[in-house]
Amino acid sequence: MSIEPPRWPVCTSASLRDGDWLKRRIDFEGRPEECLVLRFDGRIHAYINRCVHMPRALDCEQDVIFDRSGRFLRCSMHGIVYAPETGTSLSVMCEGERLCRVRVDEADGLVCFADHRVSIPQGMA
Ligand code: FES
């Protein structure tokens, strides 16, 4: 028997349109982390905001996470690009390495974290 993970609301579905993204502070496996939540091609994806190349946030140099085409995630530090659907590096640098995915779901007009590894820091729930 599998136990459903707790659902932690992130935002309303309507507030996260295609190409939109936001950041949330979470506890992930007991550590404080920043999580990116984004919508791409209609689907919601979430990743810990840490590049596979170096421990830097994707938006550490610029306040963006998508490249100019809007088809790829891009780290603003050295330019690694990622597939938004999988978090896989498509660049020669770190090719095939993946951002750490956080499970999310969307139902009844709400986007929620739905991952056993996630909890919300005290005072933010
Ligand atoms: S730290 Fe992200 S590409 Fe180098």
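The values are calculated or read from the model by the stated rules, or taken from the named source; none is laboratory data. Computed from a prediction, not measured in an experiment: that's the story for all the values here. Every residue, glycine among them, receives a Cβ derived from its backbone with ideal geometry; neighbour counts consider all protein chains shown.
Every condition in (1) in contact (Cβ under 8 Å) with a residue 24 or more places away in the chain; (2) in contact with a strand residue (DSSP E or B) (Cβ under 7 Å, 6 or more places away or on another chain) holds for Val81 except the one numbered (1). Applying the condition of being near the ligand (Cβ under 9 Å from one of its atoms), closer than 19 Å to Phe40 by Cα and not charged (D, E, K, R) to the range 58-75 and asking which residue is surrounded by the fewest Cβ atoms within 10 Å (Cβ to Cβ) yields Leu58.
Checked against the criterion of being assigned by TED's automatic domain parsing to the domain that holds Asp18, away from the ligand (no atom under 13 Å from the Cβ) and of a type in the set (Lys, Arg), the range 36-57 has at least one qualifying residue. Take the conditions (1) surrounded by fewer than 15 Cβ atoms within 10 Å (Cβ to Cβ); (2) assigned by TED's automatic domain parsing to the domain that holds Ser119; His78 misses just one of them, which is (2).
Take Arg39 and decide whether it is buried (at least 19 other Cβ atoms within 10 Å of the Cβ), at pLDDT 95 or above, closer than 25 Å to Asp27 by Cβ and touching a strand residue (DSSP E or B) at 6+ places or on another chain (Cβ under 9 Å).
yes
Yes/no per residue for (1) without any contact (Cβ under 8 Å) to a residue 60 or more places away in the chain; (2) not in a loop (DSSP other than H, G, I, E, B):
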| residue | (1), (2) |
| --- | --- |
| Arg39 | yes, yes |
| Ala46 | no, yes |
| Pro55 | yes, no |
| Leu58 | yes, no |
| Arg71 | yes, no |
| Glu85 | yes, no |
| Glu106 | no, yes |
| His116 | no, no |
| Pro121 | no, no |
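Return yes when Leu110 is touching a helix residue (DSSP H, G or I) at 6+ places or on another chain (Cβ under 9 Å), surrounded by 13 or more Cβ atoms within 10 Å (Cβ to Cβ), in the same structural domain as Ile3 (by TED's automatic domain parsing) and not aromatic (Phe, Trp, Tyr) and no when it is not. Considered against the rule, which asks whether it is touching a helix residue (DSSP H, G or I) at 6+ places or on another chain (Cβ under 9 Å), surrounded by 13 or more Cβ atoms within 10 Å (Cβ to Cβ), in the same structural domain as Ile3 (by TED's automatic domain parsing) and not aromatic (Phe, Trp, Tyr), Leu110 comes out as yes. For Glu95, state whether it is modelled with pLDDT of 95 or more, exposed (fewer than 13 other Cβ atoms within 10 Å of the Cβ), under 15 Å from the mean Cα position of the chain (by Cα) and more than 11 Å from the ligand (Cβ to nearest atom). No.
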